[in-house]
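Coordinate-derived values only; no laboratory data. Small disclaimer: the values here were computed from a predicted structure and weren't measured. Note: ideal-geometry Cβ built from the backbone for every residue, glycine included; neighbour counts use all protein chains shown.
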There are 2 protein chains.
Amino acid sequence: MAPDRSVERAIEGLVRALEAAWNRHDAHGLVEPFAQDAEFTNVFGMAVRGRAAIEALHAPLFKTMFTDSHLTVTETRVRMIRSDVAAVDVKWTMTGARDPHGNPWPERAGLLNWIVTRHGERWLIDVSHNMDLPSPDLAKAQAELSKR
Amino acid sequence: MAPDRSVERAIEGLVRALEAAWNRHDAHGLVEPFAQDAEFTNVFGMAVRGRAAIEALHAPLFKTMFTDSHLTVTETRVRMIRSDVAAVDVKWTMTGARDPHGNPWPERAGLLNWIVTRHGERWLIDVSHNMDLPSPDLAKAQAELSKR
């Protein structure tokens with residue numbers, strides 16, 4: 001089921017708010033698009049629950065790994081699960097990050113996937129998983145295998 | 001919201017069916033737990049839609065990369081989004097895989113995340129994303145940063 005325009009706009013608003021907060025390195029702003037009780041699983045598989053915990057997870061990272069990082073959302077795709085429940089895929093790229101050991105982590109690409117639901121008048125993220133995408137050449141090699 | 005026992009059992013059934021089909025390297029069995037119109041995004045970020053497409057994606061891989069692979073589900077976590085919509089996290093490990101270039105890909109660990117909904121009497125997977133988890137030492141280094 002495709003989303004109607006008002007849902008599409010609401011979800012686009014969440015995406016843009018998250019992107020802008022990331023690029024301000026603002027952990028408090030980053031949790032604005034999340035529901036109070038939201039769950040966030042990062043690319044390392046670490047899961048935390050609740051806005052405060054999501055903020056606390058990111059605040060120190062914006063002073064270390066991600067202090068020079070810039071996030072760009074390249075694609076948003078929405079699929080309606082119910083009239084008030086949407087599955088959202090958000091593809092992103094990132095420059096300027098460092099890995100947890102402090103080494104440059106250049107030209108990252110990844111995929112956020114969300115469950116977004118209506119909370120009264122607002123749409124908010126209830127569940128978010130983030131994943132790094134492997135190098136394009138590995139993905140291409142796998143695609144070749146699938147065609148055999 | 002925690003799932004009730006009947007939902008928990010239904011979802012556990014989907015997990016076990018998928019694990020067993022994987023370990024038979026049976027692409028047709030693998031799509032049994034999925035809804036007809038389900039979407040599957042693999043660890044390379046490749047997304048396909050529909051049972052037939054999910055089967056077609058995996059069938060050649062079970063003859064190549066995954067022909068000697070063994071999947072073990074280590075943890076299933078369910079969160080109810082609506083009474084008929086569940087978010088499910090499935091942690092797994094895998095031995096015996098090869099990467100798309102044919103190199104051994106030992107001791108993989110990963111996380112499937114699903115949106116599972118009620119379809120009449122059955123619960124089925126509507127949306128599935130799979131991700132590889134990076135090495136535990138990278139996750140640990142990131143956890144240390146978050147504690148600062």
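What percentages, rounded to whole numbers, describe P(r) for the protein assembly as shown computed over all alpha carbon pairs with 10 Å bin width beginning at zero?
6, 28, 36, 24, 6, 0
Where the centroid of each part is defined by its Cα atoms, how far is segment B:1-41 from segment A:95-134 in Å?
25 Å
When we measure straight from the Cα of A:Lys91, which lysines land under 22 angstrom away, once same-chain ones fewer than 8 places off are left out?
A:Lys140
Measuring from the lowest to the highest alpha carbon on each principal axis, how far does segment A:5-147 reach, largest first, in angstroms?
Computed over the Cα atoms, the extents are 44, 43, 23 Å.
Looking at the calculated P(r) for segment B:1-75, what percent of the C-alpha pair distances fall above 20 Å?
More than 20 Å apart: 34 percent of the Cα pairs in segment B:1-75.
Can you tell me the FRET efficiency between A:Asp68 and B:Glu107 if r is taken as the Cβ-Cβ distance and R0 is 25 Å, rounded to the nearest 0.05?
FRET efficiency, A:Asp68 to B:Glu107: 0.15.
So, with +1 on the Cβ of K and R and -1 on the Cβ of D and E, and no other charges, what is the size of the charge dipole of segment B:5-146 about its Cα centre, to the nearest 20 debye?
240 debye
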